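Here is the structure we will look at.
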Amino acid sequence: MGKSGESSVGQSPLRRFLTQHSGPYVTSCRMAGDHRNMSSSLTPSAPLVARLRDARRIVVLTGAGMSAESGIPTFRDQVTGLWARFDPYDLATPEAFVRDPETVWAWYEWRRHLVAHAAPNAGHLALTKLAARPQVESLTIVTQNVDDLHERAGSKEVLHLHGSLFAPRCFACGQAFEGLTDPAKDEPENQMTRLPPPSCSHCNGRIRPGVVWFGEGLPEEIWMRALRKVETADLLLVIGTSSKVYPAASLPDAARRHGGDVSVINPDPSTLSSRSRLDWQIPAAIGLPALLSMLEE
Ligand code: BV8
Ligand code: ZN
């Protein structure tokens, strides 16, 4: 018998999801009740479906929440288990790599193994279907994620603002490193919290993960392409991000400034604006397939 006294039989997938994930989501849904516009219902709002049906040039800005239902902890939750005593906002810095390269390298190898053993979720797959709809001229994924789940789901145009776990290079000379181990061979959980990074064959420097650390500039060309796409989009979907990290968090305003519509999809009501009828309080892998099926009706 669920907390709310409802029997699990006949519970909708969303309600079962919410009941299983008691705590923030359920409370937030209860709380959301009093936000007239912001819909936390099981079905997407009519304005959102209509807006998506007419969209031609779509940009999808994604964050860690997009991969949460693939079993990849969100960034704030990256320090679970082995890493509980670390601050991700500290580990993800060049200073931390200089100070303690073995801990930082081990953290990124743990995350690379987790991703390698994960699979794209129904949300990732729904975005590839959306891109294939005849009326869609272009759909660009602009992601803050360093995993490759959008690509493995079949998304063609993916711009990685914060780099990738699969593009290591030398910290000293920048030369790309091809010698990463095959994660399929060993399980993530037996990762140590200290692992010496490999050495560069060119200058013997230390190999670093190919991600953008705090305090480091984003790859210029990728940032400019993302900004141009956002400024010419008629619809920006913002999925699974807490919008706390810049300059990525400035993109929704850039879209609005250029007349584009913005729809935020996130189970955390604090990320939604109660004024927008295009926002939807729902997990990505439940909401996005539901949206696609509404478009196909
Ligand atoms: C730079 C790669 C200068 C590494 C990352 C302006 C104002 C304030 C600060 C700054 C500013 N400008 C710059 C700064 C500093 C800093 C910054 O923004 N700090 C923040 C913390 C205040 N920015 C920088 O340092 C940037 N660089 O400015 O350089 C410069 C310029 C030119 C030349 C030289 C230097 C670099 C930022 C990039 C850092 N690298 N990642 C790695 O991954 O290890 S950022 C990293 O954190 C992620 O990539 C992501 O961007 C961010 C985490 O955010 P989210 O992805 O949103 O994840 P989070 O866990 O926070 O939230 C998850 C969300 O999902 C939640 O809302 C949750 O409700 C939702 N969710 C959960 N489950 C689901 C779900 N949603 C849908 N479905 C579900 N099932
Ligand atoms: Zn080198």
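The values are calculated or read from the model by the stated rules, or taken from the named source; none is laboratory data. If you're wondering where the values come from, they're calculated on a predicted model, not measured in any experiment. Here the Cβ is made from the backbone with ideal geometry for all residues, glycine too, and neighbour counts use every protein chain on show. Just so you know, the surface numbers come from the protein's heavy atoms only, side chains and all, with ligands and any DNA or RNA stripped out. Shrake-Rupley method; radii C 1.70, N 1.55, O 1.52, S 1.80 Å.
In the range 153-167, of all residues being open to solvent by less than 40 Å² (accessible area, probe 1.4 Å) and small (Gly, Ala, Ser), the one that is nearest to residue 73 (Cα to Cα) corresponds to 164. For the range 246-279, residues that are surrounded by 17 or more Cβ atoms within 10 Å (Cβ to Cβ), of a type outside the set (Gly, Ala, Ser) and within 21 Å of residue 145 (Cα to Cα) total 9. For residue 105, the criteria (1) touching a residue at least 24 places away in the same chain (Cβ under 8 Å); (2) in a helix (DSSP H, G or I); (3) away from ligand 2 (no atom under 16 Å from the Cβ) hold in every case but one, which is (3).
For every residue, the table says whether it meets (1) modelled with pLDDT of 95 or more; (2) within 16 Å of ligand 1 (Cβ to nearest atom).
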{"residue": "158", "(1), (2)": "yes, yes"}
{"residue": "162", "(1), (2)": "yes, yes"}
{"residue": "166", "(1), (2)": "yes, yes"}
{"residue": "176", "(1), (2)": "yes, no"}
{"residue": "184", "(1), (2)": "no, no"}
{"residue": "191", "(1), (2)": "no, yes"}
{"residue": "201", "(1), (2)": "yes, no"}
{"residue": "225", "(1), (2)": "yes, no"}
{"residue": "228", "(1), (2)": "yes, no"}
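Filtering the range 121-152 to residues that are surrounded by fewer than 24 Cβ atoms within 10 Å (Cβ to Cβ) and closer than 17 Å to residue 290 by Cα leaves 121, 122, 125, 126, 128, 129, 130, 131, 132, 133. Of all residues in the range 193-210, those that are under 13 Å from residue 168 (Cβ atoms), in contact with a helix residue (DSSP H, G or I) (Cβ under 6 Å, 6 or more places away or on another chain) and more than 12 Å from ligand 2 (Cβ to nearest atom) total 2. Residues that are touching a residue at least 60 places away in the same chain (Cβ under 8 Å) and over 22 Å from the mean Cα position of the chain (by Cα) number at least 1 in the following helices (runs of 4 or more DSSP H) confined to the range 195-297: 284-296.
The residue of the range 151-175 that is nearest to ligand 2 (Cβ to nearest atom), among those that are within 13 Å of the chain's Cα centre (by Cα) and part of a loop (DSSP other than H, G, I, E, B), is 164. Just name the residue that is modelled with the highest pLDDT out of those in the range 42-74 that are closer than 27 Å to residue 116 by Cβ and open to solvent by 50 Å² or more (accessible area, probe 1.4 Å). The selected residue is 69. With respect to the stated conditions, residue 206 is in contact with a strand residue (DSSP E or B) (Cβ under 9 Å, 6 or more places away or on another chain), of a type in the set (D, E, K, R) and more than 16 Å from ligand 1 (Cβ to nearest atom). Applying the set (1) within 16 Å of ligand 1 (Cβ to nearest atom); (2) in contact with a helix residue (DSSP H, G or I) (Cβ under 7 Å, 6 or more places away or on another chain); (3) under 30 Å from residue 281 (Cβ atoms) to residue 213 leaves exactly one unmet item: (3). Between 234, 253, 279, 268, the distinction of being modelled with pLDDT of 95 or more, under 21 Å from residue 124 (Cβ atoms) and acidic (Asp, Glu) belongs to 279 only.
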